[in-house]
Amino acid sequence: MPMPFVLAATLLTCGAGIVLSLVLDDSRIPALLGCLGAIASLLLLVLSGASLFTGTSFHETLWTIPQLGALTLSLDRLSALFLFISGLVLLPASVFASGNLFRYLGKYSLRTYCILYFALFATLVLIPISADALSFLMLWESMSILIYLLVNYEHEEKEHTRAGYIMLAIGEAGTIAVALAFITLARNGSLEFAAMKAAGIGLGEEARWSVFLLAFFGFGVKAGLVPVNFWLPQAYTSAPGSFVPVLAGATLNLGIYGIVRVNGYLLPALTPGPGLVALIIGSVTAILGILYATTQSDLKTLLAHSSIENAGIITAALGAGFVFVALKHYPLAAIAFAAALYQMLNHSIYKTLLFCATGTVDSHTGTRNIDRLGGLIKVMPLTAGFFLVGALSIAALPPFNGFDSEWLTLQTMLQSAELASTGIKIVFAICGAILALTAALSVTCFVKAFAMSFLGMSRSEAAAQAERAPRVATVPMGFLALLCFLLGIAPTYVIPILDGPIAPIAQAARAADALVPPFFAGNPHHNELPAAFVADFHAIGAQVGQSVMPARGLIVMHRGGAANPVVFAMSTFYTAVVLALMLLGTYVVFRLIISSSRAVDRRVVWDGGIRRLLPEMTYTGTGFSNPVRVIFEAVFRPTMVEDTSETVGKHFRAAIRRTRGENHVLDRLILDPISDAALQAANGFARMHHGFLNAYAVYGLAALLVALLVARFA
């Protein structure tokens, strides 16, 4: 089937969703969204999969605008990867939204939501295949407006409206920065990306830095990078539960796409400086994101900060790749880019899963506060199980997908030992240590999120009376949980697929050649391995499964020289098999052998003399994360607000309430000084408006003199 036909069918399906939304009753909108959203997602997977797996591409010119050039669409493997990930997210998210939307029936217009959803779907398809700056910016602006309207869907809530305005304002600033980067690149007058790439060869060092910084931070707004990510937690928390999976799993990736497209493809770095900036910004973003995630009590806010953390990990790996490209270590660059894109893929899957589970909990309990949940595994077992899979994945525990990409990212940081510059090695070492700490804190964060929400006893009546989630919610979560497992045990299948998108930015180096040795004898490159090397690993089972699995092998390994033949190696597939055998063996021993010979005696559990354990006596999420608050007090620096009630002539205090207020480190170090300076300047100008005519004449004369001096010496 011709690819332009599949693209047209995808867009027509979105258009049909918009048209039908105008004529159908609100009660039928959820079914429409689920059905057509799933069809459009499947078409998108076919379109992108054909390019990603086979290398098929197309280039179409739509029409030419005088003085601005042609509007073109082009699909390559880099675009196809981002479209494929969007399809994997939008398919379950559309089905999930069809069930979650009923909570808004009679409160807000479902027709409006559906129109905005399908319009955004179309822009998410078109942005990665836009091959010129004009169409890209028009679509990017359309996406920003549509996201704002969807985030602000529950517009009767004041905090949601405020969050939407903040997101829109910082998004517009990012769009302006990206437009300036494109203008700088369009030296020959053409706005097509191919012409910009050719023109970029002649740019000087200052212009190259300008393009990098403008594009990096302009797109970094959408990706959620420090210091332009202060909008993200508020927007994610305010977004409807049916939309936030798309926001986190698909739109965030487009910020990463912009960084890769401009700074990796159109204007690759010639010096390690831009890569080091990306590496440092990514590492700082990751550690701040997980620190604030660990201390949150609201599940959606916790996951929002976790998205910032994952965006930081992706960006750090991209920065490492940019450094390796600039220093001409192309195989290492391919490894770094594979780690970044693999992490992006994994984050989209498990974060969509976690947001779907959180939306289900919210709709069935009426709260997302971890301190008011607990015991949900008894009444929502499937939701609890799927949330656990997402938590294990995002905490980077094998054999789930988060482990593969985060392990590979940390190994990438260690490869800086091959670089000559001591200064660059130090930066890599510090950033690697930060990312390792981030991974450890991520485990703490999601142990808290799962245990305090689903285990123990219910800490509120709403949690105790929750009902089991319907299939329209559990089926999408089951699909995503299965993907988390499959992507975790099959890195040797995923990495070769990523080679197509990586090749243009890694100077044709292949990550599969650097990471997946062809141990299986059926692979045509098997004979290229040294016989002694194959023999050593054959003895420990490296070729197990070759008769039934079409792959290069099942081991991820980076080979060194003769003195150090294996730099690093792992196999999550074999790990999964061993874990399954261990669990099965444990079950057999304790269930069938030990338990069968003993009678079960059920009695009341001793509870320290307490007649009945009350919910408020149990451990809470706030208490669980308190050590993190204490250790990193210098980062958090909370404000304590005391509310005192007095009685008897104000001689006795009846009650003292202390409320802990957050003062985000970015607000404290960046935004607050800027706002204070702007306020002082505004107050200064305000004092000038005092009504004295002579003073106004002096102002005019001074302005005229300044203008003359500038004209004279300019």
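Close Cβ contacts (under 9 Å, 6 or more residues apart or on different chains) running from residues in segment 112-123 that are polar (S, T, N, Q) to residues that are not in a helix (DSSP H, G or I) comprise Thr112/Tyr153.
So which of Val125, Val95, Val89 ends up being within 24 Å of the chain's Cα centre (by Cα), surrounded by 22 or more Cβ atoms within 10 Å (Cβ to Cβ) and more than 30 Å from Ala194 (Cβ to Cβ)? Working first, answer last.
Numbers: Val125 fails: more than 30 Å from Ala194 (Cβ to Cβ); Val89 fails: more than 30 Å from Ala194 (Cβ to Cβ).
One residue alone meets the criteria, Val95.
Entry remark, segment 285-315: residues being aromatic (Phe, Trp, Tyr) and outside any helix (DSSP H, G or I) number 0 in total. Residue-level check: of (1) open to solvent by 10 Å² or more (accessible area, probe 1.4 Å); (2) more than 18 Å from Gln296 (Cβ to Cβ); (3) touching a residue at least 24 places away in the same chain (Cβ under 8 Å); (4) of a type outside the set (A, V, I, L, M), Glu461 misses just (3). Quick check on segment 514-532. Is at least one of its residues buried (at least 22 other Cβ atoms within 10 Å of the Cβ), modelled with pLDDT of 90 or more and within 28 Å of Ala93 (Cα to Cα)? Scanning segment 514-532 turns up no residue that is buried (at least 22 other Cβ atoms within 10 Å of the Cβ), modelled with pLDDT of 90 or more and within 28 Å of Ala93 (Cα to Cα). If you go through segment 230-252 and pick out every residue that is open to solvent by less than 10 Å² (accessible area, probe 1.4 Å), within 16 Å of the chain's Cα centre (by Cα) and of a type in the set (S, T, N, Q), you end up with 1. Among the residues of this structure, Phe387 does not count as one that is of a type in the set (Phe, Trp, Tyr), within 29 Å of Ala580 (Cα to Cα) and open to solvent by 10 Å² or more (accessible area, probe 1.4 Å). Scanning segment 92-151 for residues that are within 23 Å of Ser51 (Cβ to Cβ), polar (S, T, N, Q) and either touching a Cys at 6+ places or on another chain (Cβ under 9 Å) or assigned to a helix (DSSP H, G or I) (or both) returns Ser94, Thr123, Ser135. Just so you know, in segment 634-683 the residues that are modelled with pLDDT of 80 or more and more than 19 Å from Pro227 (Cα to Cα) include one that is most open to solvent (accessible area, probe 1.4 Å), and it is Gln680. From the residues in segment 138-150 that are in contact (Cβ under 8 Å) with a residue 24 or more places away in the chain and open to solvent by 40 Å² or more (accessible area, probe 1.4 Å), which one is farthest from Ala199 (Cα to Cα)? So, considering only residues that are in contact (Cβ under 8 Å) with a residue 24 or more places away in the chain and open to solvent by 40 Å² or more (accessible area, probe 1.4 Å), the one farthest from Ala199 (Cα to Cα) is Leu149. Looking across segment 157-171 at every residue that is without any contact (Cβ under 8 Å) to a residue 24 or more places away in the chain and more than 18 Å from Val221 (Cβ to Cβ), the one that is least open to solvent (accessible area, probe 1.4 Å) is identified as Thr161. Within segment 187-211, the set of residues being open to solvent by less than 10 Å² (accessible area, probe 1.4 Å), in contact (Cβ under 8 Å) with a residue 60 or more places away in the chain and either closer than 20 Å to Leu279 by Cβ or touching a Phe, Trp or Tyr at 6+ places or on another chain (Cβ under 9 Å) (or both) comprises Met196 only. For Gly174, are the conditions met, namely being open to solvent by less than 10 Å² (accessible area, probe 1.4 Å) and either at pLDDT below 90 or basic (Lys, Arg) (or both)? Spelling it out, it is not the case that Gly174 is open to solvent by less than 10 Å² (accessible area, probe 1.4 Å) and either at pLDDT below 90 or basic (Lys, Arg) (or both).
The values are calculated or read from the model by the stated rules, or taken from the named source; none is laboratory data. These numbers were taken from a predicted model, which means no experiment stands behind them. A quick note on method: Cβ atoms are made from the backbone with ideal geometry, for glycine too, and the neighbour counts reach across all protein chains shown. Note: accessible area is taken over every heavy atom of the protein model, side chains too, but ligands, DNA and RNA are not part of it. Shrake-Rupley method; radii C 1.70, N 1.55, O 1.52, S 1.80 Å.
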